[in-house]
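Throughout, read-outs are computed from the coordinates displayed, never taken from laboratory work. Note that this is a predicted model, so its numbers are computed, not measured. Cβ coordinates were reconstructed from backbone atoms using ideal geometry, including for glycine residues, and neighbour counts include every protein chain displayed.
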Amino acid sequence: MKANTRQDYLRRIDRVVAVLQSAVAQGDALPDLAQLAEAAHLSPFHFHRIYRALSGETVGQTVARLRLLRALQLLAEPEERVTEAALAVGYETPQAFARVFRQAFDATPSELRGKQALLQAAMQRLRGPAPRDDAGEPALRVEVVSVEPFRVVATRYVGDHRDLDQAYGRLFAWAADHGLLERMRSLYGVPHDGGPDAALDEGAFDCALAFEGGDVAADGDTFALQLGGGLWARWRHVGSYDRLGVLTDRLIARWLPDSGYQLRDALPFRQFMDDPEVVPEAALRADIYLPVAPC
């Protein structure tokens, strides 16, 4: 199979934007996940993750941007009423439209309606997110490794990933209550993709511990989870554990397109090598694993 390139991926993202733009312009229902993934020729499993990494915004942010862009185009018509413009681009009430409009442009729709110079300037701001400039950044040192499947005990956390220490604290307490601290081998984390509006480094996250000496029975708020199996792209980050989601997106955007690999349907995971309470933040190590298969 022909290997993908960065330009291939960007063209796929452009096709998705075109589909969304057409739906907004026509006042149609927005395409669902399966339709968007089909337009991009991507697996639905990783669609939102790849879209966000390559485009620099979530699908939800793209839709909001395209709705405002279409509204500006309508308001450029002198006879267009604000209420009609709001309904045409998917807002249920003019009040909701006006609130979002003011947040974006610090003006009401009525204040900009028919004022071509101001509308054109506002449109220019909505053409798309500024492309990330990777010039001068060192190449990512990624290795593709085979990882044998292994079992962990996990607990699910939902919220800001900067507060994961609370969930890991509960997991450590569980391990202590079960006399398992001496058998603990390593810490892992599994971030979940929260969908079209998911913010980076927020949402569901499985905090996990691996133990020596075979499987450990989960109970209470913990559950068994299997990680590994197959090929994984592994990249080591040194530094703060905050914003690892941003770094994972950067790995997808910078390394994956020209790697000769594609993501397969499994969740990425992270292995935390150091204890933040013992090791200085600048020296913390974490391995990010992406599930891959040859193109």
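When the expected Rg is taken as 2.2 N^0.38 Å, what fraction or multiple of it is the alpha-carbon Rg of segment 6-125?
1.14
Normalising by the residue count of the chain, find the relative contact order in percent from Cα pairs under 8 Å and 6+ residues apart. Working shown, then result.
On the way: 469 pairs, mean separation 60.8, N = 295.
Contact order relative to length: 21 percent.
What's the FRET efficiency of Ala121 with Arg236 using the Cβ-Cβ distance as r and R₀ = 51 Å, to the nearest 0.05? Mind showing how you got there, number by number?
On the way: r = 44 Å, r/R0 = 0.87.
Step by step, r from the Cβ atoms, then E = 0.70.
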What's the angle, to the nearest 10 degrees (0 to 90), between helix 59-75's Cα axis and the longest principal axis of the chain? 10 degrees
Please determine, in degrees from 0 to 90 and to the nearest 10, the orientation of helix 164-177 with respect to the longest principal axis defined by the Cα atoms of the chain, where the helix direction is its Cα long axis. 30 degrees
If I model a spin label as a point 7 Å beyond the Cα along the Cα-Cβ vector, how far apart are those points for Asp275 and Gln73 in nm? 5.9 nm
In terms of modelled amide H atoms, which long-range or inter-chain residues lie less than 5 Å from the amide H of Tyr261? Cys295
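With a cut-off of at most 11 other beta carbons within 10 Å, and DSSP calling the residue loop, which GluC sites (Glu not before Pro) in segment 52-87 qualify? Please list them.
On the way: sites: Glu57, Glu79, Glu80, Glu84; in loops: Glu57, Glu79, Glu80.
The qualifying sites are Glu79.
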Average silhouette area of segment 142-294, convex hull of alpha-carbon atoms, in square nanometres: 9.2 nm²
If one builds a Gaussian network model of the chain from Cα atoms under 10 Å apart, the most fluctuating residue listed among Val100, Val279, Val17 is Val279
Evaluate the relative contact order of segment 142-294 (contact order divided by residue number), counting alpha-carbon pairs under 8 angstrom at least 6 apart; express in whole percent. 31 percent
Mind checking which of Arg70, Arg264, Arg81 has the largest fluctuation in a GNM of the chain, springs on alpha carbons under 10 Å? Arg81
Of the residues Ala210, Ala107, Ala199, which exhibits the maximal mean-square fluctuation in a Gaussian network model of the chain defined by a 10 Å Cα contact cut-off? Ala107
